[in-house]
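Here is the structure we will look at, set down as structure tokens.
The values are calculated or read from the model by the stated rules, or taken from the named source; none is laboratory data. Owing to the predicted nature of the structure, the values given are computational and were not obtained by experimental measurement. As a convention, Cβ positions derive from the backbone with ideal geometry for all residues, glycine included, and neighbour counts pool all protein chains shown.
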């Protein structure tokens, strides 16, 4: 019974496919899975928007939206209807084709990432051997769409937003990849299914998630920072800093195209959170062994929910960074820490079992954290600028 | 250490988040259409016309002198004078506005009309829910829509309204006193005329009349229930326009003052009109 509940979606799909001829089963199966993913995440997006607005409201001692439906839970429907019925304006001087393609590319590439993410036991669309690589390839294409949007709008604010977005995303993409590499080093596979299975054992009832190791913990923190920056979320939302750039790269978008950007941003958050929980938090695994009776997909979406809450919490807490702070942080703190973490992961692998590797690895990382944090992030004092040639 | 501030901040927002469910005092906002905060007494937005008594049309204080219309900077007031007259609060026949329109889409809430009005007829309202789906007619308020009772004025601006009432009562008392004195003088003259021969009778009648006339102002202010004694004293001595304190927030700018002075210069005959023609 428990096993069946765990596999309910897989069994449901197989039961549906059983009515079809043999040759149809594979393509129809893929279409069903894709439809599920494409339907599920926008629904989650709708829930998250209202959760975010209410959560941030509570953080600011407000109630948040509470007019549409009981407690405002129907707010996303009102928002959706509004954005669908709005006029779609394309600036006359915009590059119409690129302007049109940008939001589509964003949404498509963001959804492609879910193809390789296991959402439960046996619940993965494609168990690719190079799943992580595929994921990052897809994740990197969002930069393309952002720049397409900013450039094609022919608006200085859009272009500035897009420039910032690309600079930021490329900087943090490095950190994102390097922090994930340690997981690949330890699990020996790029397949996300195998990475989850590498964490799938318990000792004393507690799981062997990668976050519970010194290198895993450090990598997770770096991954979380880089992931937040990668999805342009607050406090790294410089590309759409409304106080200085109107709305950044999607200034010239309205109606449904704007809704697509909004959707793309949130689905990217889901996807980054899902990858983070897959790499470091054991994916669909239960946090304690006796809770394994609960279906695996519940754990996956539970972790997703928790990380979304953390995203919202951070947004409600932190002010936006400045561009130089952002870049300093990426290149002077996150990147050195990630590189050091690679070394620590190797050390951990070759020191063998025992308490010594815990002490040594933790000590190296904490020491590095404190010293890089002290030295690298020290506030610099600048005197008045002297312009030699321009007066 | 790096990140300490972030953790502190996160703790603070978490406290806010949890606290907002528990304590009502934390909430900074009010659920507006259902609950509303009391308006501060000095709040004002658009003018309204004050009327005394029950009937708004009869009790309208406005005498269509058109000072406000002339002074209004964006020219949002339109007044048409009546051909006939109706008695005002002192019982003197006055013309009244047959038409008094204020276009609140033009009005800039400067309160100059209130400050120049010598009859306390136009005051600032606190109503702010004036949204309408009729862009032209809905924002053009006629005198019926503008009329509000004196009780309403007391409700929204209690201090200011009490002052105004005291001033009006003082004026009324003064007018009545004068009327009475004039009547007494006339009566005395009438009494004196036929009885020129009998000197003793005249000597007895004259002091009696004058004491009666003097007693009247002493008793009159006591009859007004709401009148503070301090307010009546200066009113009795000085001219009504000079005694009038400039109400509320508009008093700091030089514009209302000059407007008032200009108005006085322009219409020197206006205050005299209120004196009863005996």
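Key figures
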read-out: Filter pass, residue A:329 being within 11 Å of another protein chain (Cβ to nearest Cβ), part of a helix (DSSP H, G or I) and either free of Cβ contacts under 8 Å to residues at least 40 places away in the same chain or surrounded by 14 or more Cβ atoms within 10 Å (Cβ to Cβ) (or both); value: yes
read-out: Qualifying residue in segment A:192-207 (condition: crowded, with 19+ Cβ neighbours inside 10 Å and more than 22 Å from residue A:278 (Cα to Cα)); value: no
read-out: Condition met for residue A:302 (modelled with pLDDT under 85 and either within 26 Å of residue A:182 (Cβ to Cβ) or within 14 Å of chain B (Cβ to nearest Cβ) (or both)); value: no
read-out: The listed residue being crowded, with 22+ Cβ neighbours inside 10 Å, at pLDDT below 85 and under 20 Å from the mean Cα position of the chain (by Cα), out of A:238, A:279, A:263; value: A:238
read-out: Residue in segment A:208-219 that is more than 18 Å from the chain's Cα centre (by Cα) and farther than 23 Å from residue A:271 by Cα present; value: yes
read-out: Test: residue in segment A:354-370 that is within 14 Å of chain B (Cβ to nearest Cβ), surrounded by 19 or more Cβ atoms within 10 Å (Cβ to Cβ), assigned to a helix (DSSP H, G or I) and under 22 Å from the mean Cα position of the chain (by Cα); value: no
read-out: Selected residue [at positive phi and touching a helix residue (DSSP H, G or I) at 6+ places or on another chain (Cβ under 9 Å)] from B:75, B:86; value: B:75
read-out: Residue list for segment A:176-191, filter: at pLDDT below 90, assigned to a helix (DSSP H, G or I) and buried (at least 17 other Cβ atoms within 10 Å of the Cβ); value: A:186, A:187
read-out: Some residue of segment A:335-351 being within 20 Å of residue A:225 (Cα to Cα) and within 14 Å of chain B (Cβ to nearest Cβ); value: yes
read-out: Filter result (more than 9 Å from chain A (Cβ to nearest Cβ), under 18 Å from residue A:58 (Cβ atoms) and under 36 Å from the mean Cα position of the chain (by Cα)) within segment B:7-41; value: B:30
read-out: Residues of segment A:64-95 classified as within 14 Å of chain B (Cβ to nearest Cβ) and surrounded by fewer than 17 Cβ atoms within 10 Å (Cβ to Cβ), total; value: 3
read-out: Evaluation of residue A:319 against (1) at pLDDT below 90; (2) within 14 Å of chain B (Cβ to nearest Cβ); (3) part of a helix (DSSP H, G or I) (one fails), failing number; value: (3)
